[in-house]
1. Among the listed residues A:Arg121, A:Arg93, identify the single one that is buried (at least 17 other Cβ atoms within 10 Å of the Cβ) and touching a strand residue (DSSP E or B) at 6+ places or on another chain (Cβ under 7 Å).
2. Do we find a residue being of a type in the set (Asp, Glu), near DNA strand B (Cβ under 10 Å from one of its atoms) and either out of contact with any Lys or Arg (no Cβ under 8 Å at 6 or more places or on another chain) or more than 26 Å from A:Asp306 (Cα to Cα) (or both) anywhere in the range A:651-670?
3. Testing A:Lys385 on (1) modelled with pLDDT of 90 or more; (2) of a type outside the set (Ser, Thr, Tyr); (3) within 25 Å of the chain's Cα centre (by Cα), one condition comes back false. Which one is that?
4. Taking A:Glu174 as the residue in question, decide whether it is buried (at least 23 other Cβ atoms within 10 Å of the Cβ) and touching a residue at least 40 places away in the same chain (Cβ under 8 Å).
5. Can A:Leu409 be described as buried (at least 16 other Cβ atoms within 10 Å of the Cβ), more than 16 Å from DNA strand B (Cβ to nearest atom) and touching a residue at least 60 places away in the same chain (Cβ under 8 Å)?
6. Filter the range A:364-385 for residues that are in a helix (DSSP H, G or I) and farther than 17 Å from A:Gln659 by Cα and give the result.
7. Could you give me the residue pairs with C-beta distances under 9 Å whose first residue belongs to the range A:453-474 and is closer than 19 Å to A:Ala209 by Cβ and within 16 Å of DNA strand C (Cβ to nearest atom), whose second residue is in a loop (DSSP other than H, G, I, E, B) and among the polar types (S, T, N, Q) wherever it lies, and which are 6+ apart or on separate chains?
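The values are calculated or read from the model by the stated rules, or taken from the named source; none is laboratory data. This structure is a prediction, so every number in the text was calculated from the model and none was measured. Note that we place each Cβ from the backbone using ideal geometry, even for glycine, and neighbour counts take in every protein chain shown.
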Amino acid sequence: MSFVLDGFEPDHPTTSSFGGSSEVDERLLAGLNPQQREAVLYRGRALLIVAGAGSGKTSVLTRRIAGLLDTREAWPSQILAITFTNKAAAEMRERIHGLVGDAAQGMWISTFHSACVRILRRQAEAFGLSPSFTIYDSADSRALIKRILKELEADTLGLTVSSVAGRISKLKNELTDAESFARGANVDDPKESAFLEVFRRYSEGLARAKAFDFDDLIAQTVYLFRAFPEVAALYQRRFRYVLVDEYQDTNHAQYALIRELVRAVKPQNVPADTRTRLEADGSIAPASLTVVGDSDQSIYAFRGADIRNIVEFERDFPEAKTILLEQNYRSTQNILDAANAVIGNNFDRTAKNLFTTIGAGDKITGYTGYSAHDEAQFVADEIDKLRTAGTSLNDMAVFVRTNSQTRPLEEIFIRSALPYRIPGGTKFFERAEIKDAMAYLIQVVNPADDLALRRVLNVPRRGIGPATEATLQAHADREGMPLRDALRDVEQLGLGPKVTGAIRTLVDLLDEASGQALTAAPADIFALLMERTGYVTGLRATRDAQDEARAENLEELLAQTKEFRKQNPEGTLIEFLTNVALLAAADEIDDTDGSVSIMTLHTAKGLEYDTVFLTGIEEGLLPHQMSAGEPGGVQEERRLFYVGVTRAKRRLFFSLAMQRSQFGDTTVALPSRYLQEVPAELIEWRQSPGFANSRGGSQPRALNARRDSGDRFSYGTSLPPAPNREKREWANAVTAKVRDNGDLTLATGDRIRHADFGEGRVTGVTGQGPKSIAEVLFDTAGRKKLLIKIAPIEKL
DNA sequence: CTATCACTACTTTTT
DNA sequence: GTAGTGATAG
């Protein structure tokens, strides 16, 4: 068997092994502190950079790579850098390019998942795998599991889709496949054996569909390397410098992958014509490994991240050097003091104290709203004030613990005419019509993917109902063929002439598109499919406004396929699909579009903003209810809080609500324990939890039942204003509905009445059509900007 | 085969 | 409060 690595240059000469590196240009070291400098310059087998939040680790990492290139210690193709998001990868590439120019071409800088897809696609054919395998996202995995549970009627045993999906994911992250699980499984337990059966069928289902789920991408690469040392050797020889960012969030499979990559190459796997320097025994020395991380920012235990990977790095690599970066270049001292104080309550950590020379800065501003809407209104008002004062919306971010918290924020932001974005939350690719269109594309690339075909069988409606589908499926099962092949045999199945014709048309179209899958531009294939299925025109024909929106979304998808081709002139459909599948929430952030970002704390990791709003700081939300039962849960939530706080450069806001509705009913919320861990003098409460209660009164209320013991929310200097009457009235009167005023027009001087703010006078109108915004001076509520189309207003 | 209505489980975080 | 499911009628 021979393995061809397209694009791989043969083994490069290695001018020096891991020797001295005194030649690194001073230019690359400019402005670094002694520890950062050492981290850039150190040469050796293994390096751990413990990088506190905001300690300039990206700078260190990029300069370290630039140094390797600049001194010719490494060719670009010998470098593999793993980042957490595609966006981070792109930024790192750009920064290195800025330092060393075109020498930056040819490096692998990508996420674990992207790197593994690349490896798997290159090696697939040698193992009888399809190089055009598709990637199942969580929703696809769940759909498959759901089907299996139904088949087995396993739901009676208490197996739910989410429990099974979670468990399989965990097992895969531990590199346990169905068969190795079977060896240790307790088959006497009916639930256990049912789970095993589901796991087996799930794995078979993926294999039959030529699909990998997210976890497979990593695990299968590890299996590949372990089963075929000569394949692993290709990459071990190629990547002489492996660098991993956010190492504290690697799981076992990712850890194993790294271990495989930095193994020495055995003499039998060294080609005779290698130009790489050999050891005395004819082997090639292991690659150099650099990992960067901060155990205080480990927030992905739920998906298998193992903090021990970083904590025990020195045990794994006894010769490892550890460098600690503690100086923070991002935040003010007040922000750091708050962060340090809170994280100090995690007992099993190695002490680390962030410091800065920036100065104390502003105090943290605290606000307790009566409801989530009130809280959101506070955030919107503050953002508007800061914007007026000259801070760009791009420099502000609102953090939430759970996705559902974005809703009230969105409602208020829309009403306040504040442009916002929810990276990862828009879920463009999760909309039904987009998933339909994607299913067409997937089925074109990968005809084995039954799940994709089943999804579009009757979309748009073509009269193929459940009964017809069952007939087709039965034929496929009988013949042991994919559903797509069964469609081609439709004439033999004795279905009605109408249905038969519809199926023939569909399968001919798919076959035609598949014929072009490897060559045509993704946009052309997409256009062909939409044209011939009439999906978009069908949506346009209905008078439903939602269908019109769906048609627009499909147009947007078409635009995206075109944009993709612009970025990647040779890009094929399969690459487009891969990109989409591996898109991370943070990849969607555009920091130049003039909007505020609302995101989860998890998405916020690795980012920084001038101004940060940390919202929903309540017991049950942060720490989340669900974490209470898990070992280490409360500590992990504390790290999440810490991550949120340390994102802020200059201004930090803490907010919470006194009542929050979930599940349809409203419950009283208590301030988070983490709030009490922040020294009281660091927070200036605009409205403190101690002085507001859910009815808007001003009686002190119990704070975690510790009201009288030195009440940490009473503070001498900055007494909170007692909640004033107007505020209270509008705070709870906010309705959840977004309304539509049609084409109501307003002009300067008009008087209006607003459902929440009362009466006011229009002082200016900007923007066009449905986006026009009125600036209104309210008699009691002050100046507000309102989106005329949807604000709850009437002209007087 | 499709449309409508009632019912229930659901919200942790993500590649 | 709602998305997704399942039963029933058209």
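1. Details: A:Arg121 fails: touching a strand residue (DSSP E or B) at 6+ places or on another chain (Cβ under 7 Å).
Only one candidate qualifies: A:Arg93.
2. Scanning the range A:651-670 turns up at least one residue that is of a type in the set (Asp, Glu), near DNA strand B (Cβ under 10 Å from one of its atoms) and either out of contact with any Lys or Arg (no Cβ under 8 Å at 6 or more places or on another chain) or more than 26 Å from A:Asp306 (Cα to Cα) (or both).
3. For A:Lys385, the exception is condition (3).
4. Details: buried (at least 23 other Cβ atoms within 10 Å of the Cβ): no; touching a residue at least 40 places away in the same chain (Cβ under 8 Å): yes.
When the stated conditions are applied, A:Glu174 does not pass them.
5. no
6. A:Ala380, A:Asp381, A:Glu382, A:Ile383, A:Asp384, A:Lys385
7. Between residues of the range A:453-474 that are closer than 19 Å to A:Ala209 by Cβ and within 16 Å of DNA strand C (Cβ to nearest atom) and residues that are in a loop (DSSP other than H, G, I, E, B) and among the polar types (S, T, N, Q), the close pairs are A:Glu469/A:Asn458.
So that you can scan it fast, the table gives a plain yes or no per residue for (1) among the β-branched types (Val, Ile, Thr); (2) farther than 17 Å from A:Val244 by Cα; (3) within 16 Å of DNA strand C (Cβ to nearest atom):
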{"residue": "A:Ile284", "(1), (2), (3)": "yes, yes, no"}
{"residue": "A:Val291", "(1), (2), (3)": "yes, no, no"}
{"residue": "A:Asp294", "(1), (2), (3)": "no, no, no"}
{"residue": "A:Ile299", "(1), (2), (3)": "yes, no, no"}
{"residue": "A:Phe302", "(1), (2), (3)": "no, yes, no"}
{"residue": "A:Arg308", "(1), (2), (3)": "no, no, no"}
{"residue": "A:Glu314", "(1), (2), (3)": "no, no, no"}
{"residue": "A:Lys321", "(1), (2), (3)": "no, no, no"}
